[in-house]
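Only one structure is covered here, and it is reproduced in the block below.
What follows is calculated from the coordinates using simple rules that are stated; it is not laboratory data. For clarity, every value in this text was computed on a predicted model and none was experimentally measured. So basically every Cβ, Gly included, is an ideal-geometry build from the backbone, and we count neighbours across all protein chains shown.
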Amino acid sequence: MAETVQQLLRELRSGDGVAVTYDGQRWTWREHLAEAEAQAAALIAIADPDRPLHVGVLLGNTPDMLTAMAAAGLGGYVVCGINDTRRGEALLRDVRRADCQILLTDDAHLGLLDGLDLTGLRLLVVGSGEWKELLTQAGALTPHREVGATDTFMLIFTSGTSGDPKAVKMMHAMVLLAGAALAGRYELTADDVCYLSMPLFHSNAVLAGWSVALNSGAAMAPARFSASRFLDDVRRYGVTYMNYVGKPLAYILASPERPDDRDNPLRVAFGNEAGDRDIAEFARRFGCEVWDGFGSTENAVTVTRDDGCPPGSIGKGFPGVAIYDPETLAECAVAEFDEHGALINGDAAIGELVNTQGAGMFAGYYNDQDATDERMRHGMFWSGDLAYRDAGGWIYLAGRTADWMRVDGENMTAAPIERILIRQPAINQVAVYPVPDEHVGDQVMAALVLGGGATLTPDEFGAFLAAQPDLSPKAWPRHVWVADALPSTATNKVLKRELVALGAEPAGRRLWRRDGRTYSEVGAQE
C-alpha cells in the first residue's frame, strides 16, 4: 500500500482510464503521468544541487498545474503553490519565502511578474519554445530523492485573512491520507469525475480534490470557479464529486433556480465553511449529498458533522480537540443557553480551538519559526479560531481571535450573530465585524449581500431582527452596509480587515444606521 504521493502516482502510471478532462481534451493516467515524468526529469536536470529543490507554480486550474503537481510527486521534490491573486512585492515575497529556485508560469500569469526582481530564479513559461526544448532534451526520470511519509510534498500558503500568508509544510502522508479517507467514504472509483474548481495552490483543492482523484483513480476536471458556469461544467464533464471552501455554495445558490437543476450527475459535494441553510438548499436543488467539515490549512484541528449535528454546529472534534482560554490555559466552560437558544455565558464558554495532543499533521511553517512557535504553545496547537461547545460536545464557531467585540461592556463574537442574520431569506452572504464606538469599545457592523433579485428594506430588516428570540439586543448591528459583493481571498474567505478599514461612513455605499430598534438609510455620499 502506498505511503507517499510518489508511490501512489507510480501505481497509476500504467492506467488507461481517464485522468484529466479539460476543454474537449482527455489524457489517460498513462499519458498524464508520462508528461509529468518528463517534466520532473527536465527540472531536476537544470536545478542547482546546492539549493533546496523547490519549484514554484504560478498557474491556474489547468492541466499544466496538474502535471506540475504530479511531476513534483514523482520527482521527489517540493512544489510550492503561488497564490495568483497576490500582486507585486507581496507575490514576490511568497516566492522568496518558499525558497523557490525554479518558477513555472504561463502566458496568462506572466504579466504578474512584470517589474519584479527575479534574481536567482529560473523562470520558465509553460508552452514556450524554451520549455518545449527543455522537455525534448529530458532523459529518463531519476528522482531527486525517494521520499518518506513525513517529507514535504508541497508548500501551501495560508489564506492571509489575518496577516501575511504563511507557507505550511504539507507532508506526503497528509496528502495521501486525506484523499484516501474521502474516496473511501464516498465510494469513489475510476468511473467518477472530480471537479477541481477551488484554487490548486490551496489545501482544500489538494487534500479534498486532487488527492481524492489519485486515491480513487477518478478523472480530474480542472476549472476556474464560476457560479454561472458551474452546472454547465458538471453536465459537460459528467462530474460526480466536487470540493469547495468558503462561500461557493452561496454564490451558486444566488443564481435563479431552474426546473431542471436536479438533472445532473453530481452525487457528492464536500468542503468547509458553508452555512446550514446553504448546505440544505444546495442538496435539495441539485439532488446531491453535501458534507461540510472543519479544518485549517495546517491540518492540526479537525471537526466533522456526525448524524444528529444541531443547527449552527460544525460538529464534534477529533480526539484532542478542545476549547481553551489562551490566558488561563484552562479548558473553557460548557456553553449555557437561555430558553430561546441564546448563549448566556459567552465570557466563560468562548475560547480558542486547540489540539491538546500537539501538532497533529501540522509539520510547521516553512522558513518561519516564530509563526510556528506562536501556533505551538504550551505543547498544544492554537488554531486562532474562536468557538464554544455544548453539553453534548457539539462545537460552534464564534469567529477568529480578531472577531472579539466589546459592546456596551459585554464581550461578543461575530459568528453567532452571522448565523442569525443569514436566516433572513433575502440575504445570501453576511459578514459581521467591529467598528469603533464613538465613546468607548466597539459597535457591531454587518455587511450584507442580497440574493439574486431579492430586496430588503431597513424596516423589514429591523422587523426580522425583532423576531429572533436568540439575538441579544446588544448584538443588533448599529451599522449595515448592503453591498454588491464582499472582499474575499482566492479561497472565498471574507477579508474582514478590509471591511473594518472601510469604517462606518457611507463614502458612496448604501448604508443603514440604527437608532434604538429603527433602521434608516444614511445616504450614499461621494
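Residue separation times 0.36 nm, minus the C-alpha to C-alpha distance between D232 and D50: what's the value? Length difference between fully extended and current span is 60.7 nm.
Centroid-to-centroid, using Cα positions, region 392-444 and region 265-321 are 21 Å apart. In the chain, the alpha-carbon atoms span a convex hull of 162 Å³ per residue. At full extension, E146 and R262 could sit 37.1 nm farther apart than now, given 0.36 nm per residue minus the alpha carbon distance.
Model label sites at A463 and D16, defined 7 Å from Cα along the beta-carbon direction, differ in position by 6.7 nm.
With a cut-off of 10 Å between beta carbons, the residues surrounding H172 carry a summed charge of -2, where Lys and Arg count +1 and Asp and Glu -1.
Its DSSP H runs of at least 4 residues, each contributing -39,500 (n - 2.57), put the calculated 222 nm mean residue ellipticity of the chain at -7500 deg cm²/dmol, to the nearest 500. Looking at the chain, the DSSP beta bridges with both ends there are about 60 percent antiparallel. Count Lys and Arg as plus one, Asp and Glu as minus one, and take only other residues whose Cβ is under 12 Å from that of T240; the net charge is then -2.
Here's the list of lysines a cross-link from K169 could span, going by alpha-carbon distance under 22 Å and ignoring same-chain residues fewer than 8 apart: K493.
The phi torsions of region 395-411, fed into the Karplus equation with coefficients 6.51, -1.76 and 1.60 and a -60° offset, translate into couplings of 9, 10, 6, 10, x, 8, 4, 7, 8, 4, 10, 10, 10, 6, x, 10, 7 Hz, rounded to whole numbers, with Gly and Pro shown as x. Per-residue 3J(HN,Hα) values for region 499-508, derived from phi via the Karplus relation 6.51 cos²θ - 1.76 cosθ + 1.60 with θ = phi - 60°, read 5, 4, 5, 6, x, 10, 9, x, 6, x Hz in sequence order (x marks Gly and Pro). Put the Cα centre of region 54-72 next to the Cα centre of region 191-217 and the gap is 13 Å. Extension gain for A90-R406 works out to 110.5 nm (0.36 nm per residue, less the C-alpha to C-alpha distance).
Close amide-amide hydrogen proximity is noted between F153 and M170, M171, H172, each under 5 Å apart and 5 or more residues distant or on a separate chain (H modeled in the peptide plane; Pro and chain starts excluded).
Scalar couplings 3J(HN,Hα) for region 42-48, obtained by applying the Karplus form with A = 6.51, B = -1.76, C = 1.60 to θ = phi - 60°, are 5, 6, 4, 5, 9, 6, 7 Hz; x denotes Gly and Pro.
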